[in-house]
Amino acid sequence: MGVFHGEREWVYPKDVTGRYHRLHRGTAFLLHIWLLLGPWLNFQGRPLFRFELGTRRIYAFGGIFTAHDGVLIMLSALLAAVALFFFTSLLGRLWCGFGCPQSVFIINWVLPLERLIEGDRAERVRRDKKGVRTSTTARKAVKFIAFALIALLVSGSFMGFFVDPRLLWTGGATTGNYGVLAFFTVLWFVDFVWFREQLCIYLCPYARFQSVLMDEDTLTVAYDMNRGEPRKKGKLTSGEDHCVDCNRCVVVCPTGIDIRDGFQLECWSCGRCADACVDVMDRFDLPSLVSYQTEADLAGRPTRWVRGRTLVYAGAFTALLALFAASLAFRAPFEATVNRAPGTLYVVDDEGFVKNTFLVHIINTSADEHTFTINVAGIEGAEVTAPVTTIESTDEAIIPLVVRASPDSASMRTMPIVVTVLRDNKAVEVPVTFKTNAQDGGL
């Protein structure tokens, strides 16, 4: 089925039902609910989950995070990566079979639509072998239109996690937004029409490094060669040789592999081959030859769920989760920095008082609007001039701060002071220095 060599070899998966197919339908339903409804859901008047690239904000389940929350964002990405490693080491490629959008869309949209429009597997193979015909062309045109509409729906729903879907679907978004929407629509359309399983085989990095994460104690879809070999076409013997070589496990596979050939990176672990084998073996009152099991199970050894790599991944995940929780718990409700106003260190007014001017940069990282006040400590009797400022949620402001000290209190060339930014019962203290002309002989 090479895409980079030779002619494209099409895969025509046959329909299948069974335990794992129903499980896949269940997880796919939940993922579709999140994809189609998630962008429209609000919490406390804000999006439930959205990345707003223009404002550099992330809305997540009531919280608002900005570029200043880079540590939390990095920890989230590390948590996801370590979780993937951990669960892959235990359960194999269940993400590919039951959670990945690529496999979910192919199994739940592409294949059912092809069966509906072009017929079952045998009918599709027959039509394609006959080449270009009026009926075949018409059916494929209808199929392509359906794929284009689904690609638009998927892309628009995905874009809703980055742009307000109310604007996107009513023509109120920007030209750039619609350009990105068109790009992803074309991308998904090409994937549905032509690329399909080749994306997983040739482009997906997960398929490449999964072998490093998996070992003989990892759960995966496997064929029991001890019971199945040697195969007897259409016949069964007692005790062994249970595989009747019906090829049902092959024709239902969405990537076109033969699970009986052993572990292969093309396998999604979707369980369709197991459902097919269950259907066949039930006729002979025998257990399926294909099932979720480990290499240790097949070799007659007990599976070790607790082992070195799982302990390392679990420890790393726990540590990252604790660090993430602590960072979230101690996350500052706002950020404040103080810089000296450019131009001069200090000014001596007509009365001999020394004035220092600062710029206080406040970022309101909370989900609500708040009012901020500024106090200064460190110089007795100093006059502080700074306006009380109200800042909207996730917005920021630069507030001028003037500190004026009398000749008696400004006795040193450099004096440490503390600027305190207050919001309700929260405070952020920033140490700075107050400059005078004491060593110049003026005080």
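Where a number appears in this text, it was derived from the coordinates with a stated rule and is not lab data. The structure displayed is predicted, hence computed values, not measured ones. FYI the Cβ positions are ideal-geometry reconstructions off the backbone, even for glycines, and counts take in every protein chain you see.
Span-like helix criteria (full DSSP H runs; alpha carbon extent of at least 30 Å along the helix axis; mean Kyte-Doolittle hydropathy of at least -1.0) are satisfied in the chain by 70-91, 134-159, 308-329.
Comparing region 334-440 with the 2.2 N^0.38 Å rule of thumb, its C-alpha radius of gyration ratio is 1.12 (two decimals). Comparing Cα centroids, region 295-311 and region 81-141 end up 32 angstrom apart. Restricting the trypsin sites (Lys or Arg not before Pro) of region 248-325 to loop positions (DSSP other than H, G, I, E, B) with no more than 16 neighbouring Cβ atoms within 10 Å leaves Arg283, Arg304, Arg307.
In this label model, Val348 and Ala325 are separated by 5.9 nm, measuring between points 7 Å along each Cα→Cβ vector. Applying a DSSP loop filter and a limit of 12 other Cβ atoms within 10 Å to the GluC sites (Glu not before Pro) in region 336-443 leaves Glu351, Glu369, Glu380, Glu392. For region 88-136, applying the loop criterion from DSSP together with a ceiling of 16 other beta carbons within 10 Å to the trypsin sites (Lys or Arg not before Pro) yields Arg133. Close Lys pairs in the chain, defined as Cα atoms under 23 Å apart and 8 or more places apart or on different chains, number 12. Cβ-Cβ distance of Asp245 and Ser393, R₀ of 51 Å, FRET efficiency by 1/(1 + (r/R0)^6): the value works out to about 0.20. Charged neighbours of Tyr59, selected by a Cβ distance under 14 Å, balance to 0 (K, R count +1; D, E count -1). Each Lys or Arg adds one and each Asp or Glu takes one away; over the other residues whose Cβ falls under 12 Å from the Cβ of Ser406, this sums to -3. Basic side chains Lys and Arg get +1 at the Cβ, acidic Asp and Glu get -1 at the Cβ, and with that the dipole of region 142-281 about its Cα centre reaches some 560 debye. In this Cβ point-charge picture (+1 for Lys and Arg, -1 for Asp and Glu), region 271-347 has a dipole of about 540 debye about its Cα centre.
Per-residue Karplus couplings for region 405-410, computed as 6.51 cos²θ - 1.76 cosθ + 1.60 with θ equal to phi - 60°, are listed in order as 10, 6, x, 6, 7, 8 Hz, Gly and Pro entered as x.
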